[in-house]
1. Can you tell me the FRET efficiency between A:T82 and A:R298 if r is taken as the Cβ-Cβ distance and R0 is 56 Å, rounded to the nearest 0.05?
2. Using a 10 Å cut-off on Cβ to Cβ distances, tally the other chain neighbours for every residue of B:126-136 and report the average as a whole number.
3. Relative contact order (percent) for chain A, with alpha-carbon contacts under 8 angstrom and 6 or more residues of separation?
4. Tell me whether segment B:1-73 comes out rounded, prolate or oblate; compute the Cα gyration tensor, take square roots of the eigenvalues as a ≥ b ≥ c, and use a/c under 1.5 as the rounded threshold.
5. Across every pair of different alpha-carbon atoms, what Kirkwood hydrodynamic radius in Å does segment B:57-113 reach?
6. Report, by chain and number, residues whose modeled amide H sits under 5 Å from the one on B:L225, excluding near sequence neighbours (fewer than 5 apart, same chain).
7. Can you put B:C183, B:C77 in order, fewest other beta carbons within 10 Å first?
8. Which residues' amide hydrogens lie under 5 Å from the amide hydrogen of A:L147, considering only partners 5 or more residues apart or on another chain, with H built in the peptide plane?
Amino acid sequence: MQRFLSHRLTVVVVLALIVALLPLVFPSAYYYRVAGQVFVFGLAAIGLNLLMGYAGQVSLGHAGFMGIGAYAAAIGPAQTGTPVWFWVVAGSALSGLIAWVVGRPILKLRGHYLAVATLGFGILLFMVFTNESRWTGGPDGMPVQRLELFGWRVRTGIEWYWVSGVLLVLGAWVAGNLVDSPTGRAMRAIHDSEVASRSAGIDVARQKLTAFVISAVYASVAGASFALMNGHLTPDVSSFLRSVELVTMVVVGGMGSIFGSLVGSAVLVVLPQALTVFHDYEHAILGLMIMLFMIFLREGIVPSLARRFGRRSA
Amino acid sequence: MSKLLSVSDLSISFGGVQAVDGVSFEARTGEIYAIIGPNGAGKTTLFNMVSGVYRPDRGRVMLDGQDVTELEPDRLCRLGLSRTYQNLQIFFRLTAAENVMVGRHRHESANVLAHLLALPSVARQNRETRRNAVALLARIGMERYADTPAGSMPYGALKRLEIARALATEPRFLLLDEPAAGCNPVETDEVEAVIHAIAKDGVGVVLVEHDMKLVMRISDRILVLEQGRPLAEGQPRDIRENPAVMKAYLGEHGAREAARA
């Protein structure tokens with residue numbers, strides 16, 4: 001257990017150091033903005049990784065929860081005049097509640113069937129955000145108020161870099177705690193054998209639901225941060241493509257690796273920016289690189305490299 | 001005082017095939033009760049009904065006077081009935097110690113919020129669960145595997161690991177489905193010693209096993225199934241000499257040969 005504890009702390013400390021030291025190599029404010037996006041999607045990916053990489057349940061609709069968090073943070077303050085942070089919390093609670101209600105029936109499904117059901121759920125939410133233009137501004141989107149924390153208005157990319165960095169480290173810490181707790185062990189057990197988990201006294205349906213709700217809250221906080229960071233919000237936050245991106249981040253970075261989720265997020269956020277030099281071939285090259293990652297680093301970037309260098313991954 | 005696992009008239013059919021038909025037996029805590037029979041006799045199916053994996057068409061399972069027929073395996077586990085599987089059901093990505101720790105699940109707090117925040121109580125409980133798991137591993141002679149991922153352990157060790165995980169739930173009755181299948185003679189001896197120790201601790205052991213020598217050595221009582229129906233029940237020596245049992249195993253001709261030999 002001592003080893004686990006130190007291990008868990010290592011991830012958090014390394015992440016905190018990355019967040020703290022990265023700005024030393026940033027030549028311009030633009031880099032802060034890109035890194036902030038990496039952190040926000042990294043947070044969502046960590047949550048999804050708890051569901052996919054640890055509990056072994058797929059979701060192709062998680063951007064829907066990002067949408068709930070984002071629109072709660074956008075619509076709530078605008079309609080009621082209450083503080084933005086309150087709506088970040090309320091949106092997370094709403095996401096958790098919806099995940100609980102939706103998860104009860106659909107988590108009975110397995111594999112491809114679960115994938116299609118969650119996909120449908122994501123598309124449903126995307127349609128709601130697109131069509132309810134009275135509230136959401138429709139496909140053109142809506143403006144989002146600035147986040148205010150203890151009288152500090154978080155506005156610039158540099159400020160958001162720090163807020164999202166803190167959220168990422170917190171998210172990684174909480175996820176690490178969960179993985180090494182009775183709930184986390186039960187989730188990982190279900191991934192390997194549901195039938196044995198049940199015989200070991202685990203309420204499988206309940207544990208799956210717990211993982212689903214927790215991952216939904218992660219996505220919701222990430223979605224709210226994304227909206228507040230950009231100051232503008234369109235339904236694209238909850239599009240099917242976004243959901244697929246989240247899944248890709250988890251798989252490319254490494255299922256069951258918290259650090260991998262950040263790496264996966266970095267790959268999917270930074271590469272498109274870096275590849276703009278290729279103009280028309282940008283997307284083709286991105287797709288090709290993801291394929292190459294999967295062929296040569298099948299377990300995901302972090303676990304594969306960790307194995308190659310003879311250490312267990314985080 | 002000994003407790004009772006009482007099965008009466010259990011029956012199930014799959015697509016018109018009567019897999020198990022009217023099987024009854026009673027097992028007591030501290031006793032080793034074996035269920036044998038030729039391939040396809042319905043032993044594992046019977047196990048699956050007793051342990052809540054299948055719902056029987058007919059019949060009842062009583063655990064210590066309580067009707068548990070319709071209960072799911074996790075509920076049964078919490079009432080003190082656990083099992084192992086014929087084809088290994090191990091958590092391959094977890095270490096040996098973690099596998100056994102999962103068995104402690106029903107004894108651990110289920111406060112998810114505390115788990116997320118790693119409150120001191122959770123850390124304390126984690127340490128205790130781990131200590132408990134390592135002690136169980138030591139009992140089956142597998143302490144050195146504690147931090148080895150189960151996926152890289154030898155087969156015989158995994159068979160025992162599955163038993164250790166089931167024991168971690170602190171069952172009153174333990175169903176073992178072919179605990180010695182695929183084990184070499186040394187591993188079989190180890191499994192036998194473990195089963196003896198479990199029964200001595202007052203746990204009721206019900207096992208399905210093909211290794212007849214092991215069954216005859218270890219069992220207090222034996223139930224023989226043939227084509228889903230009970231054929232005979234009794235102590236090992238009664239079963240060994242029962243002509244109907246011999247016929248079921250060896251066929252008409254073989255039984256005659258055996259009788260002459």
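1. Values: r = 48 Å, r/R0 = 0.85.
It comes out at approximately 0.70.
2. On the way: counts 7, 3, 1, 3, 3, 1, 0, 0, 0, 0, 0.
The per-residue average across the peptide is 2.
3. Working: 527 pairs, mean separation 104.6, N = 314.
Relative contact order comes out at 33 percent.
4. On the way: a/c = 2.24, a/b = 1.41, b/c = 1.59.
Oblate shape, in that a/c is at least 1.5 and b/c is the bigger or equal ratio.
5. Values: mean 1/r = 0.0727 Å⁻¹.
13.7 Å is the Kirkwood radius here.
6. B:I36, B:G37, B:L231
7. Numbers: B:C183 20, B:C77 28.
The most exposed by this proxy come first: B:C183, B:C77.
8. A:V154
Every read-out reported here was derived from the displayed coordinates using simple, explicitly stated rules and does not represent laboratory data. This is a predicted model, so every value here is computed, not measured. With ideal geometry, Cβ positions are generated from the backbone for all residues, glycine too; neighbour counts draw on all protein chains shown.
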